[in-house]
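Student: Can you keep this structure in mind? I'll have questions shortly.
Laboratory data are not the source of any read-out in this text; all were calculated from the coordinates shown. Every value quoted in this text rests on a predicted model; they were computed, and no experiment measured them. Don't worry about glycine lacking a Cβ; one is built from the backbone with ideal geometry, like all the others, and counts go over all protein chains shown.
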Amino acid sequence: MSAVPAPPQTASAEGFDALTAVHSVRTGWSVLPSRMVALSLVELQKMRHDRSEIYSRAIQPLLWLAVYGETFTRLHAIPTGKTPYLDYLAPGIIAQSAMFIAIFYGIQIIWERDAGVLTKLMVTPTPRAALVAAKAFASGAKAVIQAVVVLIMAALLGVGMTANPGKLLGVLLIVVLGSGFFACLSMSIAGIVLTRDRLMGIGQAITMPLFFTSSALYPISVMPGWLQPISRINPLTYEVDGLRALLIGSPTNLPLDLVVLAGSTVLSVVVASMLLPRLAKG
């Protein structure tokens, strides 16, 4: 399972002071790009103070690739055509590791509420959707770092992946979109349950079902009939399929994958924005 994120560092309060200074003369949606960049830098600054998080999160993907992937490659138990199973698995592990980072992101915003930072952000002229989108983008920035780590691991294990810079940029875009969706899902849940303990319990309860009902480990065609429709409405499936199309050239509908991911992320931003005031009051 994934590690629960540590409490935010003091950089959050310092970041708020910087944000208010930058946006003191700007209002409304015009602050969205700069607010997203500023909050993302704050999140990256907090992660820089705790580099052990990067190392600890790299352990689980390594185990999935080196143990599970290598074993099932030898067994030939999962039909992947001419694609070696380790190659087939690597994009799924990238999506999994990004989801595990994002799915507990709501805990951090609850910590910020308890520290009074969220209340200060809510009284700025920035739209609520901008605040949520900035948080989602910050989650995506963390997920990109994790994805790069997994890509390096996969290359060392001999996974045949593209070296096309354009496709690799597309991989990072898909990771950001997928992570943004799950971060907003986590923030939406936080807006409903309002406490860290409840959110942590729900997050742990839904991560593995989301993972196992996606196409991360096996093709949809080998799933039971009742599970296949669930997999087709799981955004993680489209994230994995998009990554496979770009990284190993699997025949998937890449435009559809991008549309579903982008649409899911926008919808999740809207829902999380509607629940943000309830979270701030909680």
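Student: Please compute the modelled spin-label separation between ALA262 and MET274, points set 7 Å along Cα→Cβ, answer in nm with one decimal.
Tutor: Here the modelled spin labels are 2.3 nm apart.
Student: Taking every alpha carbon pair in the stretch 65-149, what does the distance histogram look like in 10 angstrom bins from 0, in percent?
Tutor: 15, 32, 23, 15, 11, 4
Student: For the stretch 202-270, just say rounded, prolate or oblate: build the C-alpha gyration tensor, square-root its eigenvalues into a ≥ b ≥ c, call rounded for a/c under 1.5, and beyond that prolate if a/b exceeds b/c, oblate if not.
Tutor: Working: a/c = 1.72, a/b = 1.04, b/c = 1.65.
Judged from the Cα gyration tensor, the stretch 202-270 comes out oblate (a/c at least 1.5, b/c at or above a/b).
Student: With labels modelled as points extended 7 Å from the Cα through the Cβ direction, what inter-label distance (nm, one decimal) is found for ARG198 paired with THR119?
Tutor: 2.0
Student: Simple spin-label model, 7 Å along Cα-to-Cβ: ILE145 to VAL67 in nm?
Tutor: For the pair ILE145/VAL67, the computed spacing is 2.5 nm.
Student: For the stretch 140-221, what size does the Cα cloud have along each of its three principal axes, sorted from largest down, in whole Å?
Tutor: Over the stretch 140-221, Cα extents along the principal axes are 44, 30, 22 Å.
Student: What does the extension gain come out to for LEU41 and ILE206, with contour length at 0.36 nm per residue minus their alpha carbon separation?
Tutor: On the way: separation 165, 0.36 × 165 = 59.40 nm, distance 2.90 nm.
Fully extending the segment from LEU41 to ILE206 adds 56.5 nm.
Student: What residues from the stretch 239-273 fall in the zone where the backbone N is under 15 Å from a label point 7 Å along the Cα-to-C-beta line of LYS82?
Tutor: 248-251
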